[in-house]
Amino acid sequence: MAHDHGHTEHKLAIFRGRLKFKSNVQKIWGVLIFLSLVTIVEVGLGIYKPSFLVDNYFVGMKYLNWVFIILTIVKAYYIAWDFMHLRDEKSSLRRAVVWTAVFLICYLIFILLQEGTYIEDVKTNGYVKWNF
């Protein structure tokens with residue numbers, strides 16, 4: 001006799017239903033593989049540092065830094081979406097949680113990288129750019 005105590009069935013699809021799994025174990029492996037691939041790309045870029053990503057700047061930061069920021073946010077979003085079950089919540093709560101976190105993380109990373117660049121310039125050039 002099966003008892004249903006109001007539990008909902010776990011969704012066994014990822015990437016908005018594009019990839020479906022037969023069990024939770026398969027889904028966990030699929031998510032692990034996805035997160036591992038993104039991490040491997042990040043580590044590979046960090047080791048090889050392609051010149052077209054290191055030599056070009058956008059808003060004062062190297063393209064490589066922007067790639068790291070974007071990939072990290074993708075991983076954080078996916079972890080919150082799947083493992084913290086945000087996909088099962090109402091869209092207004094999802095937006096409030098995700099967009100607030102994305103904004104604050106982007107703001108923090110931007111400030112840290114800008115200040116780090118300033119400190120590096122002071123150490124390298126031996127002078128202060130801005131006199132407060």
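The values are calculated or read from the model by the stated rules, or taken from the named source; none is laboratory data. It should be emphasised that the depicted structure is a prediction, and the values quoted were computed from it without experimental measurement. Cβ: placed from backbone, ideal geometry, glycine included. Neighbour counts: every protein chain shown.
Just the residues that are farther than 18 Å from Phe34 by Cα, under 14 Å from the mean Cα position of the chain (by Cα) and touching a residue at least 12 places away in the same chain (Cβ under 8 Å), please, taken from region 77-100.
Val98
Can you say whether His85 is surrounded by fewer than 10 Cβ atoms within 10 Å (Cβ to Cβ), over 27 Å from Asp121 (Cβ atoms) and at pLDDT below 85, as far as the supplied structure shows?
For His85, the condition - surrounded by fewer than 10 Cβ atoms within 10 Å (Cβ to Cβ), over 27 Å from Asp121 (Cβ atoms) and at pLDDT below 85 - is not met.
Going by the structure shown, is Lys123 surrounded by 13 or more Cβ atoms within 10 Å (Cβ to Cβ), among the charged types (D, E, K, R), out of contact with any His (no Cβ under 6 Å at 6 or more places or on another chain) and outside any loop (DSSP other than H, G, I, E, B)?
When the stated conditions are applied, Lys123 does not pass them.
Taking Lys62 as the residue in question, decide whether it is among the charged types (D, E, K, R) and modelled with pLDDT of 85 or more.
Yes; evaluated as a whole, the condition is true for this residue.
One residue is enough: does region 38-55 have a residue meeting the conditions of a type in the set (Asp, Glu) and surrounded by 12 or more Cβ atoms within 10 Å (Cβ to Cβ)?
yes
Test of understanding: among Ile119, Ile105, Ile111, Ile79, which residue is touching a helix residue (DSSP H, G or I) at 6+ places or on another chain (Cβ under 8 Å) and either at pLDDT 85 or above or over 30 Å from Val25 (Cα atoms) (or both)?
Exactly one of Ile119, Ile105, Ile111, Ile79 is touching a helix residue (DSSP H, G or I) at 6+ places or on another chain (Cβ under 8 Å) and either at pLDDT 85 or above or over 30 Å from Val25 (Cα atoms) (or both), namely Ile105.
Please determine, by comparing only the residues of region 16-58 that are touching a helix residue (DSSP H, G or I) at 6+ places or on another chain (Cβ under 8 Å) and modelled with pLDDT under 85, which one is farthest from Ile119 (Cα to Cα).
Phe21
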